[in-house]
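Since every read-out is calculated from the coordinates, none of them should be taken as a lab result. All figures in this text were calculated on a predicted structure; none of them were measured in a lab. All Cβ positions, even for glycine, are placed from backbone atoms using ideal geometry, and neighbour counts span all protein chains on display.
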Amino acid sequence: MDYKYNMVNYDKNIPATIMFLNLSSDTHKTELQWHREPELVYVIEGNAESCCNGNKVVIEQGDFILFNSEDVHLVRPADNSGCKLLCVNFSFEYIRIFCKSIDSVMFDLTQTPGAKSEITEVLEQIAHTDPQDDYSSLILISHINKIYYTLLTKCMCFRRTAGMLTASRRDFSYAKTAIAYINENFRREISLDEISGVVNLSPSYFSKYFKNVTQVSFSEYLANLRLENAVQDMLTRNASVSDAAMDNGFANVKSFITQCKKVYHCTPAQYKKRLAGR
């Protein structure tokens, strides 16, 4: 279940972080993330599925998706297909040299016709840059600058003007707080009352809100997160089914096996054997 980022350090002077990510068709990535830096995710091979701020979209090979600052998101393989991704995380510090108001900026790829195709072309070039080339950093710097130029000149809009939002954006602060809490405490029992109390919402309202943002219920998100980590323990630490279940918050081994069958259509032991034989 390989879904961790593999950093590609071409050169520390490149004004962005460039990463490649290989996801197998067996990956069931659950953990949502968000960060200050905007990010571009380009699909080099296969098809990917993205969930961003509660909206799902399939990203086909040769296409990309843009996550603005603080967008709640994840990217995983589309059904029954692995995928290879190129991820480019922006550098606010670098962009600020040219755009002092970058902290109040968001990017909209639909603002100018042709902007997305321009960026797609550059991402394709980055994806096929040879990292073994001693001078690849020179061309990568020019590619990243081209992306920044296109975004700033053709896709930039402001989150706030005279203290007002220019576009309606849903409030994801509750979701971020809840997800962070779940990610830190999933190895123990977490009730709906507890998690709704963390964000100071009623249990019924929180349930509807959380599913609207993440596309899964609170209980399903928690179970899937436990499943990912339990299976990962079996693969990387050679943990037994029983230890993996107990160490990752499952009430018992049966609930671990049930969730694994639901997601991967086999038992944890069978899933481990399947991956080991690849």
Inset, instruction - Rank these for me by crowding, VAL88, VAL213, going from fewest to most other beta carbons within 10 Å. - result: VAL213, VAL88
Inset, instruction - Give a residue-ordered list of calculated ³J(HN,Hα) values for the range 78-88 (Karplus: 6.51 cos²θ - 1.76 cosθ + 1.60, θ = phi - 60°; whole Hz; x for Gly, Pro). - result: 6, 3, 6, 9, x, 8, 10, 10, 10, 10, 10
Inset, instruction - Go through the range 225-239 residue by residue and turn each phi into a ³J(HN,Hα) via Karplus (6.51, -1.76, 1.60, θ = phi - 60°); whole Hz please, and just put x for glycine and proline. - result: 5, 4, 4, 4, 6, 5, 5, 4, 5, 5, 7, 9, 10, 6, 5
Inset, instruction - Quick one: what are the phi-derived ³J(HN,Hα) couplings along the range 95-108, Karplus 6.51/-1.76/1.60 with θ = phi - 60°, whole Hz, x for glycine and proline? - result: 4, 4, 4, 9, 9, 5, 9, 4, 5, 9, 9, 10, 10, 10
Inset, instruction - Please build a GNM for the chain, connecting alpha carbons under 10 Å apart, and tell me which residue among THR267, THR30, THR110 fluctuates the most. - result: THR110
Legend entry - Qualifying trypsin sites (Lys or Arg not before Pro) for the range 57-122 [loop in DSSP, other Cβ within 10 Å: at most 16]: LYS100
Inset, instruction - Amide H neighbours of GLU49 under 5 Å, at least 5 residues apart or on other chains, H built in the peptide plane: list them. - result: ILE59, ARG76, ALA78
Legend entry - GNM top mover of LEU152, LEU23, LEU138 - the chain, alpha-carbon springs below 10 Å: LEU138
Legend entry - Sequence-distant residues sharing a close amide H with HIS35 (under 5 Å, placed H): GLU70, ASP71
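Contour minus end-to-end for ASN185 and ARG274, with contour as 0.36 nm per residue of separation and end-to-end as the Cα-Cα distance? Kindly include the intermediate steps, with their values, before the conclusion.
On the way: separation 89, 0.36 × 89 = 32.04 nm, distance 2.93 nm.
Here the answer is 29.1 nm.
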Legend entry - q = 0.09, 0.10, 0.19 Å⁻¹: log10 I(q)/I(0) that the Debye formula gives for the range 6-161, counting C-alpha atoms only: -0.28, -0.35, -1.29
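Remind me, relative contact order of the chain in percent, using alpha carbon pairs under 8 angstrom and six or more residues apart? Numbers along the way, then the final one.
Working: 424 pairs, mean separation 44.1, N = 278.
It rounds to 16 percent for the chain.
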Legend entry - 0 to 90° range, to nearest 10: angle between helix 253-264 axis and the chain longest Cα axis: 40
Inset, instruction - Hey, can you grab everything whose amide H is under 5 Å from the amide H of VAL105? Only 5+ residues off in sequence or another chain; H modelled, so Pro and N-termini drop out. - result: ARG159
Inset, instruction - Using a 10 angstrom cutoff on alpha carbons, build the Gaussian network for the chain and name the most mobile of PRO38, PRO15, PRO203. - result: PRO203
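Can you divide the C-alpha Rg of the range 173-276 by 2.2 N^0.38 Å and report the result to two decimal places? Could the numbers behind the result be given before it?
Working: Rg = 14.5 Å, N = 104, 2.2 N^0.38 = 12.8 Å.
Relative to the 2.2 N^0.38 Å estimate, the range 173-276 comes out at 1.13.
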Inset, instruction - With a point put 7 Å past each Cα toward its Cβ, work out how far GLU45 is from THR120 in nm, to one decimal. - result: 2.1
Inset, instruction - Determine how many Å³ per residue the convex hull of the Cα atoms of the chain encloses. - result: 143
